[in-house]
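First up is the structure itself, then whatever we jot down about it.
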Amino acid sequence: MMSFLARLTGRRAASHAPESKTSRTGPLIALYETGLPQWTPRDYAALMREGFSQNPIVYRAIRMIAESVASVPMLYFDGRVELTEHPLEALLCHPNPADSGASLKEALIGYLMGSGNGYLECVSVNGQPKELYALRPDRMRVVPGADGWPQAWLYTINGESVTYDMTQNGVKPILQLALFNPLSDHYGLSPISPAAYAIDLHNAASAWNKALLDNAARPSGALVYTGPPGSTLSADQFDRLKAELNDSFQGSANAGRPLLLEGGLDWKPLSLTPKDMDFNEAKANAAREIALAFGIPSMLLGIPGDNRHDNYSEANHIFWRETVLPLAIRMHQSIAHWLAPSFGEVDVKPDYDRIDALSDERAALWSRINAATFLTNDEKREAVGYGRLGATPTQDIEDQADTSNLSAESDEGEANDDTFDGPEPTPNPTTRPGSLTPYASALSAGSGADTEGDAASDGAP
């Protein structure tokens, strides 16, 4: 008997389900959307207009994240071997004739933070990727297949559409980066969405300040008619008075102009209480919520009351560690995996030694590693990410012993020296475990204090 799913989709139930690498939930997702474009579930243009175009906090946050991610230097590895050249690195440095590598990454991350989705198009020649382009997310539509995965992407502009087939072999034409969205199977969630109320409040406070400035930087008042009892202004008098106020007494150019009253009119100014003036603090709180949604410490955005310089360095370090670097690693590894059918698998990691924001962390690591007297120079170099310089014959024998008891290292070294068959080796001062080499001198300003301790622990004569 056919199952409910088989009856609903019009397919007969197979006696034995074929083995395939796919999610069992995919067909359920595709049940109501197979072959149909799924529209982004929000107004991208409104979010970008109210957020990026009109709000300085959102504008600075997106620019700050995009520029920082694009500036992260990367290293390419084949296993544990660092590669000096790789086609992926060359392609990301010169992605297309119009964009540099930095500008392409800025656009991709900018779209990702603004809409929750970032798209790259790969242009291949004879199956080899030659150019990369960042596409606007509001023009992209996914066409899910029967397994729930995208079978095509539609790029639509001015009523014309281009279809990208995602079922072809080799490198797929489109790469999508999406921020986590628990309410959508295909689209990501922008940080602007959860910060929308704070953005509206911040924009409203700015509009309030602008309106207050247009009214001579003070709240409006009331015109009171004190004519004979029971009398009121006629319709013509009211319209003429209103027109004169709009034309002659509103706007910054008319600030301070005296008001000439006649016919029993009296001006009663209104004032704001201190509680009414709390909108300035409300605006600052809204700015902090926006910064929180984007993962940026508020002091880095110059928010009033938070822009202190005593802990600016720590805030910048947090920004890079918790926001910039995870996003940069994800972006580069996603691109590497996407282009792996042509370039092969490669591991992409940030070059932490070239990131200025992490200089204090790096200096502390080097000092801590250099103070470890139980490590050789090569072990210290490996601990901080550098390659080994090589070892003397005595060190090779000690390495073969492979002892884990640190207290017995000296005895093990002496035993190995006694059983060594051959001439007494001459220690190499550039690689001896007790003295830092010129390449490792950056680990510490002085190494003489550790020389004797290293030599004793390694059993050196």
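Where in the range 305-360 are the helices (runs of 4 or more DSSP H), entirely inside, with at least 3 residues that are within 17 Å of the chain's Cα centre (by Cα)? If you could, list the steps in order and put the result at the bottom.
Details: elements: 312-319, 325-338, 340-343.
Once the helices (runs of 4 or more DSSP H) in the range 305-360 are filtered for at least 3 residues that are within 17 Å of the chain's Cα centre (by Cα), what remains is 312-319, 325-338.
Conditions tested, residue by residue: (1) aliphatic (A, V, I, L, M); (2) in contact (Cβ under 8 Å) with a residue 24 or more places away in the chain.
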site	(1), (2)
VAL346	yes, yes
ASP356	no, no
ILE369	yes, yes
ALA372	yes, no
ASP378	no, yes
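Within the range 77-93, work out how many residues are closer than 17 Å to GLU382 by Cα and either buried (at least 18 other Cβ atoms within 10 Å of the Cβ) or not charged (D, E, K, R) (or both).
Summing the residues that are closer than 17 Å to GLU382 by Cα and either buried (at least 18 other Cβ atoms within 10 Å of the Cβ) or not charged (D, E, K, R) (or both) in the range 77-93 gives 4.
Among the candidates ALA391, ALA408, single out the residue that is small (Gly, Ala, Ser), surrounded by 16 or more Cβ atoms within 10 Å (Cβ to Cβ), farther than 30 Å from GLU106 by Cα and at pLDDT below 85.
On the way: ALA408 fails: surrounded by 16 or more Cβ atoms within 10 Å (Cβ to Cβ).
From the options ALA391, ALA408, the qualifying one is ALA391.
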Search result, residues across the range 163-176 that are in a strand (DSSP E or B) and farther than 17 Å from PRO129 by Cβ: THR163
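From the list VAL123, VAL142, which residue is of a type in the set (Val, Ile, Thr), closer than 20 Å to ALA336 by Cβ and in a strand (DSSP E or B)?
Numbers: VAL142 fails: closer than 20 Å to ALA336 by Cβ.
Being of a type in the set (Val, Ile, Thr), closer than 20 Å to ALA336 by Cβ and in a strand (DSSP E or B) holds for just one of VAL123, VAL142, which is VAL123.
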Taking helices (runs of 4 or more DSSP H) that do not extend beyond the range 36-117, which have at least 2 residues that are closer than 25 Å to SER184 by Cα and more than 16 Å from the chain's Cα centre (by Cα)? 44-48
Any residue that is touching a Gly at 6+ places or on another chain (Cβ under 7 Å) and under 25 Å from LEU179 (Cβ atoms) - is there at least one of those in the range 298-321? no
Inside the range 146-166, can you point out the residues that are modelled with pLDDT of 90 or more and buried (at least 17 other Cβ atoms within 10 Å of the Cβ)? GLN151, ALA152, TRP153, TYR155, TYR164, MET166
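The values are calculated or read from the model by the stated rules, or taken from the named source; none is laboratory data. Here the structure is a predicted model, which means the values were calculated and not measured. A quick note on method: Cβ atoms are made from the backbone with ideal geometry, for glycine too, and the neighbour counts reach across all protein chains shown.
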